[in-house]
Amino acid sequence: MLDTETSLRLKLLRFPPIIGVIYIHAYNTAIGYAGGILGTADVNALTHWVRVFLSEGIARIAVPLFFLMSGYLFFASFHWSQRTYWRKIASRLRSLFIPFIFWNLVGLAFLALVQAIPAFRPYFTGAGKLIAGYSLSEYCAVLFGVGGYPVAYHFWFVRDLMLLVLLAPVLAIIVRLVPIPFFLAMYGCWVTETWPLYAPGAVGVLFFSAGAFCGIHRRDIFAADRFGVIIVLLYLPLLAADVIWYDAWFNVYIHRTGLIAGVLVTLYLTKFAVRSQKTCAALLALGNASFFVYAAHEPLLGVLRLLAFKYIPLDGPYTMLALYLGIPILVMAVLVYCHRLLSVACPRTLRVITGGR
């Protein structure tokens, strides 16, 4: 069982990484479509550095952090037996598989609709063929993310997480018997991009297993708090180096090592968040909408960016920067409001499509 403070600190981390995910997906300033390109890749230095700092630096902490917390929560209150494992699997069918299928079906329906309208079709076809022309095997591939991203591409995370849950008994044995060699090997595969599988990815295996290690051995996931100041002082120069040498061939080593420090810094900062009642209340309230915002931010984010790049003049020096910063905030505000409406109008349906959250 989790103690009260640990449970609260983990709950405070439900929504902030969603902000990171949305800004990751808002990074590009040019959108390709069948007729050409909307937006521009030619942005001024300030816009470029802000985008790299936020989307490619700080925001990238979100994915490994979510995998770490998922692995920890899976094992923290889990006493191994075949019966309890199958109970875990059954609960993940409700919390992961059903939302995964629902939102990917929504994605298929959305693409089918916009591709059926001639005025919209060029913006939603890309280099591929129309959804209406897919074979049964192609529908299954894009629905489940076989061989690539699912049609709701951001649900690759949920797909990988489901696979990791299925692999949990194997990972549990590994982190019990040979944790250090395993983590070193996974770190090497991750930073050198030599992991042979497309799913689950190396980042998921590494951080889910790290969370599993903490849960299995009853280690405090916030144990690094005692080194918090040191970790912050380590992370800041790594983040600066990541931004400065963003295009360098060796950046992947700086970037991914920095993400480990960034995850620990994020965990450490919750120590201060719990001391403010207003901060706690705001993050807990937003946390209730976190999965819905994650699930529904695409295609809304993509559509709003497409409309902005098409109809707003981009010749101002900071127009693109304003759009980059502002559109994700608008998306989050709209979806949090929609979540509140749905929680009143159809709470049961909302619980199903968000996995009971």
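Descriptive notes on the structure:
- Complete set of residues in the range 334-348 that are over 18 Å from the mean Cα position of the chain (by Cα) and open to solvent by less than 80 Å² (accessible area, probe 1.4 Å): VAL334, CYS338, HIS339, LEU342, SER343, CYS346, PRO347
- Just one of the numbered conditions (1) assigned to a helix (DSSP H, G or I); (2) open to solvent by 60 Å² or more (accessible area, probe 1.4 Å) is not true of LEU197: (1).
- Hey, ILE254 among the β-branched types (Val, Ile, Thr) and closer than 29 Å to THR6 by Cβ or not: no
- So THR270, is it of a type in the set (S, T, N, Q), closer than 30 Å to ARG351 by Cβ and modelled with pLDDT of 95 or more: yes
- Within the range 296-336, the set of residues being free of Cβ contacts under 8 Å to residues at least 12 places away in the same chain and acidic (Asp, Glu) comprises ASP315 only.
Conditions (1) among the hydroxyl-bearing types (Ser, Thr, Tyr); (2) at pLDDT below 95; (3) out of contact with any Leu (no Cβ under 7 Å at 6 or more places or on another chain), marked per residue:
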| residue | (1), (2), (3) |
| --- | --- |
| ARG219 | no, yes, yes |
| LEU239 | no, no, yes |
| TYR253 | yes, no, yes |
| ILE260 | no, no, yes |
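- Members of the range 302-321 that are open to solvent by 60 Å² or more (accessible area, probe 1.4 Å) and out of contact with any helix residue (DSSP H, G or I) (no Cβ under 8 Å at 6 or more places or on another chain): LEU307, LYS310, TYR311, ASP315, PRO317
- Of note, ALA185 does not satisfy the criterion of being open to solvent by 10 Å² or more (accessible area, probe 1.4 Å) and within 27 Å of PHE144 (Cα to Cα).
- Every residue from the range 231-278 that is more than 22 Å from the chain's Cα centre (by Cα) and within 20 Å of LEU12 (Cβ to Cβ): ILE231, VAL232, LYS271, PHE272, VAL274, ARG275, SER276, GLN277, LYS278
- Members of the range 226-253 found to be in contact (Cβ under 8 Å) with a residue 60 or more places away in the chain, assigned to a helix (DSSP H, G or I) and more than 24 Å from TYR268 (Cβ to Cβ), listed by number: VAL252
- Within the range 149-179, considering residues that are over 16 Å from the mean Cα position of the chain (by Cα) and not hydrophobic (A, V, I, L, M, F, W, C), the one nearest to ALA199 (Cα to Cα): PRO169
- Across the range 268-289, the number of residues qualifying as surrounded by fewer than 13 Cβ atoms within 10 Å (Cβ to Cβ) and in a helix (DSSP H, G or I) comes to 5.
- Residue match in the range 26-33 (condition: touching a Lys or Arg at 6+ places or on another chain (Cβ under 7 Å), loosely packed, with under 14 Cβ neighbours inside 10 Å and modelled with pLDDT of 95 or more): yes
- Identification of helices (runs of 4 or more DSSP H) wholly contained in the range 65-180 with 2 or more residues that are open to solvent by 30 Å² or more (accessible area, probe 1.4 Å) and farther than 29 Å from ASN288 by Cβ yields 82-92, 98-115, 136-144, 168-177.
- Annotation: of all residues in the range 206-256 being of a type in the set (Gly, Ala, Ser) and crowded, with 20+ Cβ neighbours inside 10 Å, the one that is farthest from LEU54 (Cα to Cα) is GLY215.
- Test: residue in the range 37-45 that is closer than 25 Å to PHE155 by Cα, open to solvent by 40 Å² or more (accessible area, probe 1.4 Å) and more than 12 Å from the chain's Cα centre (by Cα): no
- Of all residues in the range 1-29, those satisfying the criterion of being farther than 22 Å from TRP156 by Cβ and either touching a residue at least 60 places away in the same chain (Cβ under 8 Å) or in contact with a helix residue (DSSP H, G or I) (Cβ under 6 Å, 6 or more places away or on another chain) (or both) are MET1, LEU2, GLU5, THR6, LEU8, ARG9, LEU10, LYS11, LEU12, THR29.
- Condition broken by GLY356, with the remaining ones in (1) modelled with pLDDT of 95 or more; (2) loosely packed, with under 15 Cβ neighbours inside 10 Å; (3) under 25 Å from ALA152 (Cα atoms) satisfied: (1)
The values are calculated or read from the model by the stated rules, or taken from the named source; none is laboratory data. Everything quoted here is computed from the prediction, not taken from an experiment. With ideal geometry, Cβ positions are generated from the backbone for all residues, glycine too; neighbour counts draw on all protein chains shown. In case anyone asks, the SASA skips ligands and DNA or RNA and just uses the protein heavy atoms, side chains included. Shrake-Rupley method; radii C 1.70, N 1.55, O 1.52, S 1.80 Å.
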